[in-house]
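The values are calculated or read from the model by the stated rules, or taken from the named source; none is laboratory data. Keep in mind that this is a model prediction, so the values were computed, not measured. FYI the Cβ positions are ideal-geometry reconstructions off the backbone, even for glycines, and counts take in every protein chain you see.
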Amino acid sequence: MKITIASGKGGTGKSMVAANLAWALSQSDRVTLVDCDVEEPNLHLFFPPDDPESTDVQVSIPSFDNSRCTLCGDCARFCAFGALVVAKDRVLFFPEHCHACGGCALVCPAGAVTEIQRPIGTVTTRHLSAHLSLVTGTLNEGEVLGVKVIREAKRCAAKPGWLVCDASPGTSCPVVETLHGSDFCLLITESTPFGIHDLELAYSVTSCLGIPVGVVINRSDGKDEDVRKFCNERGIPVLATIPFDRWIASVQGSGDLISRVDPTWKERFIALGGACRSSVGGT
Amino acid sequence: MKICIPSRGPEIQDLVDERFGRAPYFIIHDTESKMTEAHVNSTAGAMGGVGPKAAQFLLNHGVDSLVTERVGGNALEALKAGGIRVLLYEEKGSTVADAITAFLKGNLKEQ
Ligand code: SF4
Ligand code: SF4
């Protein structure tokens with residue numbers, strides 16, 4: 001069962017829900033938690049520090065052989081991302097614009113382009129308990145190809161059991177990449193007008209991808225009528241409501257998980273996982 | 001000598017566009033023949049790399065100097081490698097004709 005946790009904007013408590021859900025489910029099942037917010041991964045902060053294994057994520061980038069290059073300009077004409085400029089005496093390459101599509105090597109009539117590997121990020125695996133692992137994708141600063149790191153993190157995380165992916169906030173390419181292959185998506189929202197607007201954006205993405213969703217209302221002040229109305233009209237189940245509560249805030253503030261310190265919350269998150277599973281018709 | 005001015009429109013009375021890669025037009029003026037041509041910047045709306053793409057356009061058109069308000073790092077590197085001088089023209093609300101006059105006076109600062 002693959003669940004993605006998403007929200008239309010940052011700061012809704014998405015990571016908190018992901019970490020609690022994964023921890024609660026891991027009390028009885030095998031769970032892999034994947035931090036796909038590769039620009040600012042933070043899930044490891046909910047767990048005690050340990051000794052993780054990291055591997056580099058590499059992309060193929062072009063390398064130009066000046067002695068073969070005839071300065072014909074085909075590569076720069078082909079490159080859709082403006083990563084190449086053919087100057088009077090050589091090809092200039094701007095690696096931060098390169099999307100590693102391999103096209104320039106294909107179109108070069110002189111065989112002047114070869115591909116070399118360049119690291120753009122890392123994937124780190126932590127074994128948090130016998131049943132719970134955390135796979136974290138991290139994009140190096142200044143890099144643009146976050147989707148490659150997400151893809152690699154998900155590949156490393158592909159194991160039996162629950163897969164809980166924490167997407168980056170928003171609705172851009174990295175979120176779509178995270179959602180790809182998910183059975184279900186939990187959308188985290190707050191009961192403010194802005195929250196509903198962001199929820200609507202996120203929901204439009206999951207509908208396009210045909211992924212069933214459920215909503216979790218976080219930091220609820222009890223006045224959730226508008227969110228519930230929005231969900232009712234679209235047939236979206238509201239699967240959990242987490243109140244705005246000083247105790248919850250203080251547990252989170254100390255880097256802990258409410259499901260770890262309070263058995264009631266543990267049961268609620270286990271029930272949330274069960275609700276996700278029954279929403280997609282599983283048992 | 002050919003100079004290029006990024007512009008909002010195709011005429012020399014149109015305003016200078018302060019964004020090099022995103023300017024909708026490039027006006028190329030030949031200081032010897034006094035001829036002026038307008039080119040649509042076909043990559044202005046591209047997702048990324050508009051600076052290097054615009055630099056490539058200037059290289060392909062044999063431009064010697066670019067007169068612009070600002071230019072990004074990659075575009076600047078590409079222009080320099082191609083031997084194109086970059087001259088800063090920071091008068092707000094000026095027309096392409098004003099920029100050409102300023103260039104001809106010869107007191108623009110080189111970046
Ligand atoms: S690999 Fe693709 S994106 Fe990178 S420089 Fe070549 S054509 Fe451009
Ligand atoms: S396509 Fe090949 S030969 Fe042509 S400019 Fe690019 S590297 Fe040089």
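Going through segment A:86-119 one residue at a time, which ones are within 9 Å of ligand 2 (Cβ to nearest atom) and of a type in the set (D, E, K, R)?
Correct list: A:Arg90 only.
Assess whether A:Arg268 counts as being crowded, with 17+ Cβ neighbours inside 10 Å, assigned by TED's automatic domain parsing to the domain that holds A:Gln27 and on the phi > 0 side of the Ramachandran plot.
no
Going by the conditions given, is A:Leu106 more than 14 Å from chain B (Cβ to nearest Cβ) and near ligand 1 (Cβ under 9 Å from one of its atoms)?
Criteria met by A:Leu106.
Output the residues belonging to segment A:94-123 that are in a strand (DSSP E or B) and within 18 Å of B:Thr43 (Cα to Cα).
none
Can you pull out every residue in segment A:13-40 that is surrounded by fewer than 24 Cβ atoms within 10 Å (Cβ to Cβ) and part of a loop (DSSP other than H, G, I, E, B)?
Passing the criteria: A:Gly13, A:Ser26, A:Gln27, A:Ser28, A:Asp29, A:Arg30, A:Glu39, A:Glu40.
For B:Ile100, state whether it is touching an Asp or Glu at 6+ places or on another chain (Cβ under 8 Å), of a type in the set (Val, Ile, Thr) and closer than 11 Å to B:Cys4 by Cβ.
Spelling it out, it is not the case that B:Ile100 is touching an Asp or Glu at 6+ places or on another chain (Cβ under 8 Å), of a type in the set (Val, Ile, Thr) and closer than 11 Å to B:Cys4 by Cβ.
Among the candidates A:Leu163, A:Leu179, A:Leu145, A:Leu187, single out the residue that is farther than 27 Å from A:Ala100 by Cβ and in the same structural domain as A:Lys9 (by TED's automatic domain parsing).
Sole residue among the options that is farther than 27 Å from A:Ala100 by Cβ and in the same structural domain as A:Lys9 (by TED's automatic domain parsing): A:Leu187.
Test of understanding: among A:Phe78, A:Phe47, which residue is on the phi < 0 side of the Ramachandran plot and touching a residue at least 40 places away in the same chain (Cβ under 8 Å)?
A:Phe47
Six or more apart or on different chains, Cβ under 8 Å: which pairs go from a residue in segment A:255-283 that's more than 18 Å from A:Gly13 (Cα to Cα) to one that's polar (S, T, N, Q)? Could you list them?
These pairs meet every condition: A:Arg277/A:Thr283.
Residues being farther than 12 Å from B:Cys4 by Cβ and away from chain A (no Cβ under 13 Å): count how many of those fall in segment B:59-88.
Of the residues in segment B:59-88, 3 are farther than 12 Å from B:Cys4 by Cβ and away from chain A (no Cβ under 13 Å).
Within segment A:211-244, count every residue that is more than 25 Å from the chain's Cα centre (by Cα) and aliphatic (A, V, I, L, M).
Going through segment A:211-244 one residue at a time, the tally reaches 0.
Would segment B:99-110 turn up any residue that is farther than 21 Å from A:Val86 by Cα, out of contact with any Gly (no Cβ under 9 Å at 6 or more places or on another chain), modelled with pLDDT of 95 or more and not in a helix (DSSP H, G or I)?
no
Would you confirm, using the coordinates I've provided, whether A:Phe94 is buried (at least 16 other Cβ atoms within 10 Å of the Cβ), within 14 Å of chain B (Cβ to nearest Cβ), within 16 Å of ligand 1 (Cβ to nearest atom) and free of Cβ contacts under 8 Å to residues at least 24 places away in the same chain?
yes
Of the residues in segment A:44-85, how many are assigned to a strand (DSSP E or B) and either within 16 Å of ligand 2 (Cβ to nearest atom) or within 14 Å of chain B (Cβ to nearest Cβ) (or both)?
Selection size over segment A:44-85: 7.
Taking the criterion of being part of a strand (DSSP E or B), away from ligand 2 (no atom under 16 Å from the Cβ), closer than 30 Å to A:Asp65 by Cβ and in contact with a Cys (Cβ under 9 Å, 6 or more places away or on another chain), would at least one residue in segment A:142-158 satisfy it?
No; the residues of segment A:142-158 include none that is part of a strand (DSSP E or B), away from ligand 2 (no atom under 16 Å from the Cβ), closer than 30 Å to A:Asp65 by Cβ and in contact with a Cys (Cβ under 9 Å, 6 or more places away or on another chain).
Kindly check whether there is at least one residue in segment A:160-170 that is surrounded by 21 or more Cβ atoms within 10 Å (Cβ to Cβ), within 13 Å of ligand 2 (Cβ to nearest atom) and either aromatic (Phe, Trp, Tyr) or within 14 Å of another protein chain (Cβ to nearest Cβ) (or both).
So far as segment A:160-170 goes, no, none of its residues is surrounded by 21 or more Cβ atoms within 10 Å (Cβ to Cβ), within 13 Å of ligand 2 (Cβ to nearest atom) and either aromatic (Phe, Trp, Tyr) or within 14 Å of another protein chain (Cβ to nearest Cβ) (or both).
Name the residue, out of B:Leu104, B:Leu66, that is on the phi < 0 side of the Ramachandran plot and in contact with a Leu (Cβ under 9 Å, 6 or more places away or on another chain).
Unique residue meeting the criteria: B:Leu66.
When you scan segment B:45-66, how many residues do you find that are surrounded by fewer than 19 Cβ atoms within 10 Å (Cβ to Cβ) and assigned to a loop (DSSP other than H, G, I, E, B)?
7
Read through the list (1) within 14 Å of chain A (Cβ to nearest Cβ); (2) under 11 Å from the mean Cα position of the chain (by Cα), then give the number of the only condition that B:Ile27 fails.
(1)
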